[in-house]
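Notes for the one structure printed next.
Read-outs throughout are calculated quantities, based only on the coordinates presented, and are distinct from any laboratory measurement. It should be emphasised that the depicted structure is a prediction, and the values quoted were computed from it without experimental measurement. Virtual Cβ from ideal backbone geometry, glycine too; neighbours counted across all protein chains shown.
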Amino acid sequence: MITKEQIREDLYKLIKNHYNQGDYTEALRDAMFFVKDLLQEKSGFIDKDNTKLIESSLLGKNAAIKINKYATESEINFQEGIGFALKGLVMHLRNPISHERIEYSEQDADAQLLYINYLINQIDNSSGRQLITDWLQYLQSNSFTSSKVFAQELIKELPKKQQYDLLVSL
């Protein structure tokens, strides 16, 4: 049985109703929505979903979310491993749940939830620096129009958690 001490509080709050009702499949679906929302927020790719979101957010040299410096072979492997693990969860968990009647046991759900929690922590502990770096370069470029109205419009597009990071970087 998963307890609120074993996983992050925000994830637990999201899954607890379905989990406590014994609907472990829906609890897992809730957890996968949490992953999607986190990736969209950290990457800025609010128009992408599922494997396309993961590929753009975490995979390759131009990934929007940098979990590490992506400089050594070990760092590249770690970053790509997180991306491929999440892509696998979408293909293994989220997609089948959405297209077929599947019921997960409590034991299977617990194992998956603990792993999802681990992956979420890796993403959440990243700074999403690629997005911040892109914004900093834009704000410092000659094409940036320095006006209050323009700045307000730009800040609306930046995910809330990234606004503080950008402010600190400026």
Taking max minus min of the Cα coordinates of segment 5-58 on each principal axis, largest first, gives extents in Å of 34, 20, 14
Over 26 Å (Cα to Cα) among Lys4/Lys66; Lys48/Lys69; Lys61/Lys148; Lys16/Lys87 -> Lys4/Lys66; Lys61/Lys148
Pseudo-spin-label distance Val149 to Ser98, built 7 Å along Cα→Cβ, given in nm, is 3.9
The farthest towards the positive end of the charge dipole of segment 9-126, of the residues Ser126, Ala64, Ile15, given +1 on Cβ of Lys and Arg and -1 on Cβ of Asp and Glu, is Ala64
Under the 7 Å Cα-to-Cβ spin-label approximation, Gln140 and Ile76 lie apart by a distance in nanometres of 2.7
Gyration tensor (Cα only) of segment 9-126 to equivalent ellipsoid, semi-axes in Å sorted down, yields 26, 14, 13
